[in-house]
């Protein structure tokens, strides 16, 4: 959440941020009003409690009828203190509830606008000209059948729409991608982790996924669990309610997990194949660092994503995501979008977000530097989301006969240089 002191001192900045995201700026005034009520309730409670403490000493020193009278008066004062405490507790809860409705304050450099208002930062690699190769490219669904790699029909039979099986070389390709991603992350100094996919509400709420993103979250109400849509959630919550030694920062984790998403509001989009599915595996990078180092760390995460895509020999572009398309926790986000030949467009395959102290405050994570305890920043970045990376590899590296060349970086993990027809 946003520091209430920052909101008090910079209300117009927070209002402008809300407007830039296309969200309700009037919440800022509600938060400020609730904060004033909270502070007044605290003052009243503490004044009455101080009076009660003084009164208690007077009762201890009294005797006889005087003491009896004071005890009667003390009962009335105790009732007032109890009532004031209840008002204070209610005011604090209301203030916290409203503050949680505010999204993080936008980076001034983030483009303002909706989903289509992103800014292209760079293009890397040239899309392949299949006409020069003398054939029309097949899409990943057709290639998946020819190679015995993807089975969406049986996925739908067993689990419904947007589910799939990876079979044969498809399954081997996933393992190769995960192994390459983890080995690359470890080489870069990340601690590898296999994370839970079921989390309790505080973890999901703390990372900001129960606000605008709640419609895409699967929940198990009977057991009070949520299925994570990204290992960002358990990675962020790993240090929940802890104080981290500042000398250990930056702490970098690479989490592997299965991810689950409802994909609400996307019906009719990408219904063919495995681009937009309910269940997939992913390797996620996550960093805890000093607040002043967050922007530089964001660029490092982006570079690791670019390095991965370059190793896969896939043309891609980097975009600066517009404000209205950011998650509530992110102040800025960069997406890497791979070229998908049969669609004739770039599609998101990785993203990285700078969340500053927003998530850490909600999860009560701080750092200790000497005697000082202060906020810590969190950042996340996808190293590889398996289905979309498989799509990009199959379509970009296909041959006229339906076979697919394996990127050199993956060949040691697969023991083959080409996927053959089955």
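The values are calculated or read from the model by the stated rules, or taken from the named source; none is laboratory data. What you see is a predicted model, and the numbers here were worked out from it, not measured in a lab. Counting neighbours? That spans all protein chains shown, and the Cβs are built from the backbone with ideal geometry, glycine included.
Condition first: surrounded by 19 or more Cβ atoms within 10 Å (Cβ to Cβ) and more than 18 Å from residue 286 (Cα to Cα). Can you find one or more residues in the range 226-233 that meet it? Spell out how you get there, then give the answer.
Of the range 226-233, the ones surrounded by 19 or more Cβ atoms within 10 Å (Cβ to Cβ) are 226-233.
Among the residues that remain, those that are also more than 18 Å from residue 286 (Cα to Cα) are: 226-227.
Scanning the range 226-233 turns up at least one residue that is surrounded by 19 or more Cβ atoms within 10 Å (Cβ to Cβ) and more than 18 Å from residue 286 (Cα to Cα).
Under the condition of being in contact with a helix residue (DSSP H, G or I) (Cβ under 6 Å, 6 or more places away or on another chain) and either outside any loop (DSSP other than H, G, I, E, B) or modelled with pLDDT under 90 (or both), the residues counted in the range 75-115 number 14. Could you tell me whether any residue of the range 327-338 is surrounded by fewer than 23 Cβ atoms within 10 Å (Cβ to Cβ) and more than 24 Å from residue 185 (Cα to Cα)? For the range 327-338, residues surrounded by fewer than 23 Cβ atoms within 10 Å (Cβ to Cβ) and more than 24 Å from residue 185 (Cα to Cα): present. Taken over the range 109-154, the criterion of being touching a strand residue (DSSP E or B) at 6+ places or on another chain (Cβ under 7 Å), surrounded by 15 or more Cβ atoms within 10 Å (Cβ to Cβ) and free of Cβ contacts under 8 Å to residues at least 24 places away in the same chain is satisfied by 151 alone. Among the residues making up the range 364-387, those that are surrounded by fewer than 23 Cβ atoms within 10 Å (Cβ to Cβ) and part of a loop (DSSP other than H, G, I, E, B) are 364, 370, 371.
Of all the criteria given as (1) farther than 21 Å from residue 145 by Cβ; (2) crowded, with 23+ Cβ neighbours inside 10 Å, the one not satisfied by residue 390 is (1). Candidates in the range 163-213 are the residues that are out of contact with any helix residue (DSSP H, G or I) (no Cβ under 9 Å at 6 or more places or on another chain) and in a helix (DSSP H, G or I); of these, the one that is surrounded by the most Cβ atoms within 10 Å (Cβ to Cβ) is 182. If the condition is being crowded, with 20+ Cβ neighbours inside 10 Å, more than 25 Å from the chain's Cα centre (by Cα) and more than 18 Å from residue 8 (Cβ to Cβ), then the range 85-108 contributes only 88.
Taking the conditions (1) over 22 Å from the mean Cα position of the chain (by Cα); (2) on the phi > 0 side of the Ramachandran plot; (3) in contact (Cβ under 8 Å) with a residue 40 or more places away in the chain in turn, residue 421 satisfies each one other than (2).
With part of a helix (DSSP H, G or I), in the same structural domain as residue 93 (by TED's automatic domain parsing) and under 30 Å from residue 82 (Cβ atoms) as the only criterion, which of 30, 18 stands out?
Details: 18 fails: under 30 Å from residue 82 (Cβ atoms).
Going through 30, 18 in turn, just one is part of a helix (DSSP H, G or I), in the same structural domain as residue 93 (by TED's automatic domain parsing) and under 30 Å from residue 82 (Cβ atoms): 30.
Just so you know, in the range 196-220 the residues that are touching a residue at least 40 places away in the same chain (Cβ under 8 Å) and in contact with a strand residue (DSSP E or B) (Cβ under 6 Å, 6 or more places away or on another chain) include one that is nearest to residue 326 (Cα to Cα), and it is 217.
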